[in-house]
Amino acid sequence: MDQKIYGVNSDQSLTPLIVRDAIIECFIEAHCLDTGILPSDKDINKQYCREIVQKAFADSGGSFDNPNKEDIIGAMKSLANFSKNFRDSSVVEKHYQEIMVLVDRLN
């Protein structure tokens, strides 16, 4: 059965770029939408979250524009550490594990 994970069907053919974009959607959902953390302008929030994800790739030595599986895992670890400043660790772990479902399907 198809399971949607941050806009991605978990059984579709996946590329690192699809998973990277799912991470951005995850981060938007977890940190920006209806949280009161950022202003309610969705476009500003999306750009802000995208920039945080880009920084996580850079900080972990990975490529945002042409990521591989290892780049994604490194960025996810960076984002999880960042997120623990704003969210309960159980929430961070939930989102991390949801994305790992997609990462595990990458070759």
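Figures for the structure shown
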{"read-out": "Residue list for the range 74-107, filter: under 20 Å from residue 58 (Cβ atoms), basic (Lys, Arg) and not in a helix (DSSP H, G or I)", "value": "84"}
{"read-out": "Test result for residue 22, at pLDDT 85 or above, small (Gly, Ala, Ser) and under 15 Å from the mean Cα position of the chain (by Cα)", "value": "yes"}
{"read-out": "Lone unmet requirement of (1) within 15 Å of residue 83 (Cβ to Cβ); (2) at pLDDT 75 or above; (3) of a type in the set (A, V, I, L, M, F, W, C) for residue 38", "value": "(2)"}
{"read-out": "Contacts under 6 angstrom Cβ, first residue in the range 81-107 being closer than 20 Å to residue 4 by Cβ, partner in a helix (DSSP H, G or I) and not aliphatic (A, V, I, L, M), 6 or more apart", "value": "95/26; 99/26; 106/69"}
{"read-out": "Residues within the range 77-107 that are surrounded by 13 or more Cβ atoms within 10 Å (Cβ to Cβ) and of a type in the set (Gly, Ala, Ser), tallied", "value": "3"}
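The values are calculated or read from the model by the stated rules, or taken from the named source; none is laboratory data. In this text the structure is predicted, and so the values were computed from the model without any measurement. Note: ideal-geometry Cβ built from the backbone for every residue, glycine included; neighbour counts use all protein chains shown.
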